[in-house]
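Take a look at the structure below.
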Amino acid sequence: MKLDKEVKPDFLILDGQQRIISLYQTIVTNEVVTTRNEKNYKIKRWYYIDMVKAMDNNYDLEEAIVSVNENKQITEDFGRRIILVLSSKELEFKNLMYPVCMIDDYSVWRREFNKYWQHDSDKIIFWDKFEDRIINSFNKYILPVIIMKKENPKEAVCQVFEKVNTGGVPLNVFELLTESFAAEDFDLKQDWQKSLRV
């Protein structure tokens with residue numbers, strides 16, 4: 001993630017950093033997202049919501065999320081066969097694919113969507129249901145947070161971190177100690193190596 005200038009944070013995220021960064025990149029930046037595939041290669045992706053699948057109770061909402069390459073295409077056969085192209089708003093409208101990066105600016109997309117479909121009443125009703133069920137779910141979602149003051153001792157911060165980090169990868173003792181000393185610019189590995197030399 002790139003920042004325009006150096007920032008001194010008022011808040012630090014102790015748990016869920018990857019999730020928050022992913023959401024920020026996908027929804028807020030309106031830029032292609034750099035991620036990694038299952039073979040750990042860097043890839044660039046745009047994300048869409050298949051509006052039809054999102055509104056169909058026979059599908060999980062997760063199945064409605066569509067990832068396309070940086071050219072806004074889905075291809076097969078090592079790129080030789082193009083399955084879907086979303087390189088223009090008209091193609092997004094035609095294929096009923098809603099760009100996730102427009103969730104914060106949905107009213108602009110809706111106006112253009114309605115214009116593309118010449119204000120067809122069925123499409124307007126479809127959009128209204130999509131907005132109510134999907135867009136509003138994003139906008140009304142309450143993200144749970146635990147806020148600790150800067151004055152809190154690092155032991156308290158570490159204890160909270162231990163307690164909330166139950167859903168992700170379990171931390172080993174070294175990682176917990178690293179988190180504990182991170183606030184003091186303490187390098188645990190370097191200190192350990194120094195003590196081995198004594």
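Consider a paramagnetic label point 7 Å from the Cα of N57 along Cα→Cβ; state which residues of the range 122-146 have an amide N under 19 Å from it. Label zone hits: 126-135, 137.
State the extension gain, in nm to one decimal, for the chain segment bounded by D122 and E6, taking 0.36 nm per residue of separation less the distance between their alpha-carbons.
36.9 nm
By the count of neighbouring beta-carbon atoms within 10 Å, fewest first, T29, T35 end up ordered T29, T35.
The length gained on full extension between I13 and E155, counted as 0.36 nm times the residue separation minus their Cα-Cα distance, comes to 49.5 nm. Subtracting the Cα-Cα distance of F78 and K163 from their residue separation scaled by 0.36 nm leaves 26.1 nm. Extending 7 Å from the Cα toward the beta-carbon at both I146 and T35 defines two label points whose distance is 2.8 nm.
Each of E38, E162, E92 was scored by other Cβ atoms within 10 Å of its Cβ. Listed from fewest to most, they are E38, E162, E92.
Taking the alpha-carbon distance from K194 and a cut-off under 24 Å, which lysines remain once sequence neighbours fewer than 8 residues away in the same chain are dropped? By straight Cα distance, K194 reaches K154.
Using the crude model of +1 on Lys and Arg Cβ and -1 on Asp and Glu Cβ, and no other charge, please compute the dipole size for the range 17-140 relative to its Cα centre, in debye to 20.
Working: 19 positive and 20 negative charges, 83 e Å.
Once rounded to the nearest 20, the dipole reads 400 debye.
As a quick test, which of the pairs K42/K72; K94/K123; K42/K140; K94/K115; K44/K89 have an alpha carbon distance above 23 angstrom in this structure? Walk me through the numbers before you get to the answer.
Numbers: K42/K72 16 Å; K94/K123 11 Å; K42/K140 32 Å; K94/K115 12 Å; K44/K89 19 Å.
Correct reply: K42/K140.
Where a number appears in this text, it was derived from the coordinates with a stated rule and is not lab data. Bear in mind that the values here come from a model prediction, so they are computed numbers and not experimental data. No Cβ is skipped: glycine too gets one built from the backbone with ideal geometry, and neighbour counts run over all protein chains shown.
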